[in-house]
Amino acid sequence: MVFLPFLAEAGWGCFKNIALMMAIIIPLMIVIEIFQERDILNRMMAVMNPITRFMGMSRESNLPLLAGMVFGISYGAGVIINCTRAGTIRNEEIFTINLFLIICHSIFEDTLLFAAIGAKWIPLLLGRFVLAVIVCAVWVRVFHRLSHPLT
């Protein structure tokens, strides 16, 4: 009957982890709703302009980038699909946006979850963002040279 204490401890540990995730994710979902109601996302897009320009992308790529960064890959993918159907972003930008979001998606939620288990959140947040910007900027410059060798 040594198995019974193990199950009790495993069950309690799972319950604590789920409660911790709920304590982080539910308030974050409330903040997302507030962002949408107060049009804060558009203001954040204006701040992203110099960064997306450095990465070689147009202004229209700000919305899918921010959606994926703030709300996660699933929401970001929906925005990318809508922008693609509307023709507001170029095909090359779609790949670069996806590359960026592979490295730096759902930055608030992931950072809070990792901080909850003891990670230092500032290096994690800044490291992911800076790495994504650098990788995308290098990718765009190398890809542009490979696809347009005479320019």
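So, in region 62-94, exactly how many residues are surrounded by 16 or more Cβ atoms within 10 Å (Cβ to Cβ) and not in a helix (DSSP H, G or I)?
Of the residues in region 62-94, 2 are surrounded by 16 or more Cβ atoms within 10 Å (Cβ to Cβ) and not in a helix (DSSP H, G or I).
Of all residues being aliphatic (A, V, I, L, M) and outside any helix (DSSP H, G or I) in region 95-129, which is farthest from residue 57 (Cα to Cα)? Just the residue, please.
Initially, region 95-129 is screened for residues aliphatic (A, V, I, L, M), giving 97, 99, 101-103, 107, 112-113, 115-117, 119, 122, 124-126.
Still in the running and outside any helix (DSSP H, G or I): 117, 119.
On the way: 117: 35, 119: 32 Å.
Top of the filtered list is 117.
Conditions: (1) of a type outside the set (Lys, Arg); (2) within 21 Å of residue 26 (Cβ to Cβ); (3) open to solvent by 30 Å² or more (accessible area, probe 1.4 Å). Residue 124 meets all but one. Number of the miss?
Condition not satisfied by residue 124: (2).
Looking at region 37-47, which of its residues are among the hydrophobic types (A, V, I, L, M, F, W, C) and loosely packed, with under 10 Cβ neighbours inside 10 Å?
Matches in region 37-47: none.
For the condition farther than 26 Å from residue 126 by Cα and either in a helix (DSSP H, G or I) or among the aromatic types (Phe, Trp, Tyr) (or both), what is the one hit in 50, 5, 27?
Checking each option against the conditions leaves just 5.
Which residue out of 97, 34, 107, 117 is modelled with pLDDT under 90 and surrounded by 13 or more Cβ atoms within 10 Å (Cβ to Cβ)? Steps first, answer last, please.
Values: 97 fails: modelled with pLDDT under 90; 34 fails: surrounded by 13 or more Cβ atoms within 10 Å (Cβ to Cβ); 117 fails: surrounded by 13 or more Cβ atoms within 10 Å (Cβ to Cβ).
Going through 97, 34, 107, 117 in turn, just one is modelled with pLDDT under 90 and surrounded by 13 or more Cβ atoms within 10 Å (Cβ to Cβ): 107.
The values are calculated or read from the model by the stated rules, or taken from the named source; none is laboratory data. Here the structure is a predicted model, which means the values were calculated and not measured. Cβ atoms come from the backbone with ideal geometry, glycine included; neighbour counts cover every protein chain shown. Remember, those area values only see protein heavy atoms, side chains included, never the ligands or the DNA or RNA. Shrake-Rupley method; radii C 1.70, N 1.55, O 1.52, S 1.80 Å.
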